[in-house]
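Only one structure is covered here, and it is reproduced in the block below.
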Amino acid sequence: MNAPADSITTQPQTQSEGHPPAPHDVVPAYYRNMIEQAGDAMIFIDRAGAIQVWNRGAEKILGYTTSEARHMSLDRIIPENLRQPHWDGFNRAVANGHTKHGDRVLTTKAIHKDGHKIYMDLHFCIIKDDAGTVVGALSIGRDCTERYLAEKAARKAAQQQQG
C-alpha cells in the first residue's frame, strides 16, 4: 500500500491503519513544522550558547521574534543572578552529554523582551547528532507565572495563619 501524496512519510506505509509512522520515516520538513507550530516555547542553542531555533511559542512567551532571537545570547532572557549558574550547568551538561535533572521539569525565572519577569516550566535536554556528539541543548517550556504566583501567595497565607 503506497502512502498518499500528503503523507508525512518518505516511504510507503507498512503500519496498520491509524498507527503513526516510525520517527525515521517522517519528512524533515514536518519536524520543522512541528517545532514551529508548537504552542510551547522550543529553544535550541548550539554548543557555543547561541540560539539557533526559536519557535512561535517562544515568541509568544518571551516577546522576541525569531529573527531577533536567532544567534542572540540567552543572557537576554536569563535574570542576571541566574546567568552564571545557568552557564555552569550548561557547560557541565555539554561536557557530560546529559543534564543532572534528567526528565524533570523545572520552574525558573525568565525576562520578557519588555523587561518584566516571568516564570517558566522548562524541560532541558542535550541534543546529540547521529554519531553521538553533543551539538547543543533544547529547552521546551511554557509560561507558568499565574500558577506560580498563586501558589506562592497560598503558601504565604498558610504560613501567616500558622504563625
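The values are calculated or read from the model by the stated rules, or taken from the named source; none is laboratory data. Quantities reported herein were computed from a predicted structural model and do not represent experimental measurements. All Cβ positions, glycine included, derive from the backbone under ideal geometry; neighbour counts span all protein chains shown.
From 126, 43, which residue is closer than 28 Å to residue 152 by Cβ, modelled with pLDDT of 95 or more and in a strand (DSSP E or B)?
43
Out of all the residues in the stretch 81-134, which are closer than 15 Å to residue 48 by Cα and among the β-branched types (Val, Ile, Thr)?
Once the filter is applied, which keeps residues that are closer than 15 Å to residue 48 by Cα and among the β-branched types (Val, Ile, Thr), the stretch 81-134 yields 94, 126, 127, 133, 134.
Is the stretch 87-103 home to any residue that is more than 14 Å from residue 140 (Cα to Cα), assigned to a strand (DSSP E or B) and out of contact with any Ser or Thr (no Cβ under 7 Å at 6 or more places or on another chain)?
No: the stretch 87-103 contains no residue that is more than 14 Å from residue 140 (Cα to Cα), assigned to a strand (DSSP E or B) and out of contact with any Ser or Thr (no Cβ under 7 Å at 6 or more places or on another chain).
Taking the residues in the stretch 77-86 that are assigned to a loop (DSSP other than H, G, I, E, B) and under 17 Å from the mean Cα position of the chain (by Cα) as candidates, determine which candidate is surrounded by the fewest Cβ atoms within 10 Å (Cβ to Cβ). So that I can check it myself, show each step before the final result.
Pass one, the stretch 77-86, residues assigned to a loop (DSSP other than H, G, I, E, B): 77-79.
Filter once more, so that each one left must be under 17 Å from the mean Cα position of the chain (by Cα): 77-78.
Numbers: 77: 23, 78: 18.
Per the criteria, the residue is 78.
When the stretch 88-116 is examined, which residues are found to be in contact (Cβ under 8 Å) with a residue 40 or more places away in the chain and either among the polar types (S, T, N, Q) or exposed (fewer than 14 other Cβ atoms within 10 Å of the Cβ) (or both)?
Within the stretch 88-116, 107, 114 qualify.
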